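Worksheet for the structure shown next.
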Amino acid sequence: MITRLARVAILQTGLATLTIAAGAQAQTSGLDRLEREIERLAALSGGTMGVGAIHLETGRSVFLNAEAGFPMASSYKVPIAVQLLTRVQRGEFSLDSMVVVAASDLHPGSGMLSELLDDPGVVISLRNLLELMLLISDNSATDLVMAAAGGAEAVTARMHELGYTGIRVDRPTVHLIADWVGVDLPPSNQWSPALYPQLFATLDDDARERAAEAFDRDPQDTATPRHMAELLAAVWRREILNDELSGLLLDIMLRSTTGGARLKGLLPPDTDVYHKTGTIGGTTNDVGIIALPDGAGHVVTVAFVRESTIPVPERERAIAHIARAVHDFFTFNPGL
């Protein structure tokens, strides 16, 4: 026979269960609101946006253009780093291995190696090259790291082996930039810092515009928001690399000096963001992991912009607004 007290306890338990279920349902339906808000904010980019957000502690996610390919630009340095560290983890070499930097290794674009290393034959460790690649997006360091990782094909093969078939890496930065500008490079033994301005100066504005339009349609060096977000989630969860190497990669990304107006642009001061940016032509990107306050967890946030016709600061503002929307939603709806 069920006593009155037992009936009350059962009723309270049932009400508690209903309350929890209703709360979970409300948070799930709230993702629809977040998705609509991301879509609204994406219009501010002046182009097409791809967005991915995964709350790491609960697995809840939201995407915009999840399966579309977007030029990664320098955000492709994340999969390059993963492949390099995979080889280190396998014992194929050490991050303390030294690399000789020749004049032909100094490539155009972002970074400082080309400015600081005037004399060929300088020797630098793989660890330092990895830091330069991710901290300041150094292109010369990137191409040396890519070579150590086994080349573009090895990076793509590793991504596909992990199941991220939406990520492909095809060219070192020197070729990527040359294709965007629209120039043909001579054999690599003829490369030098003085060569690139000479080649680029041979093109008129029409030729550059045609090359840029072709670049935007090129499937090379692209990623889908879903697979870039899933790659970052797997790095955070130590599913690809061991604790030490995962921690190293995340620590460098946390200290990145680029893109302060993108994912971090509208977040509360001192928010930890582990990220990597990318910019070329109409492409402006930032991909990373945002730490939420008050124990609300962490959220992978991928923001790709392609074929934008507005100035870069305005594209960055669109990314910042989306990052803040994602941050606030999961802060107030942690689901933990």
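The values are calculated or read from the model by the stated rules, or taken from the named source; none is laboratory data. Just so we're clear, the structure is a prediction, and the values are computed from it rather than from any experiment. Cβ: placed from backbone, ideal geometry, glycine included. Neighbour counts: every protein chain shown.
Among the residues examined, V174 does not qualify as in contact with a strand residue (DSSP E or B) (Cβ under 6 Å, 6 or more places away or on another chain), modelled with pLDDT under 95 and farther than 29 Å from R237 by Cα. Put simply, of A223, A178, A194 the only residue that is small (G, A, S), within 20 Å of the chain's Cα centre (by Cα) and within 22 Å of D143 (Cα to Cα) is A223. If you scan the range 138-170, which residues turn out to be over 22 Å from S188 (Cα atoms) and touching a helix residue (DSSP H, G or I) at 6+ places or on another chain (Cβ under 6 Å)? Hits for the range 138-170 are R158, M159, Y164, G166, I167, R168.
Let's see how each residue does on (1) in contact with a strand residue (DSSP E or B) (Cβ under 7 Å, 6 or more places away or on another chain); (2) at positive phi; (3) basic (K, R):
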site: R237; (1), (2), (3): no, no, yes
site: E244; (1), (2), (3): no, no, no
site: M253; (1), (2), (3): yes, no, no
site: T271; (1), (2), (3): yes, no, no
site: I310; (1), (2), (3): no, no, no
site: R317; (1), (2), (3): no, no, yes
site: A325; (1), (2), (3): no, no, no
site: T331; (1), (2), (3): no, no, no
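Listed by position, the helices (runs of 4 or more DSSP H) contained in the range 222-336 that have at least 1 residues being crowded, with 24+ Cβ neighbours inside 10 Å and aliphatic (A, V, I, L, M) are 225-236, 312-332. Checked against the criteria, A234 does not count as touching a residue at least 60 places away in the same chain (Cβ under 8 Å), of a type outside the set (V, I, T) and either closer than 21 Å to G281 by Cα or in contact with a Lys or Arg (Cβ under 9 Å, 6 or more places away or on another chain) (or both).
Residues in the range 125-148 that are crowded, with 17+ Cβ neighbours inside 10 Å and farther than 15 Å from L249 by Cα: D138, N139, S140, A141, D143, L144, M146, A148. Of all the listed residues (A201, A178, A207, A212), the sole one being in contact with a Gly (Cβ under 6 Å, 6 or more places away or on another chain) and without any contact (Cβ under 8 Å) to a residue 40 or more places away in the chain is A207.
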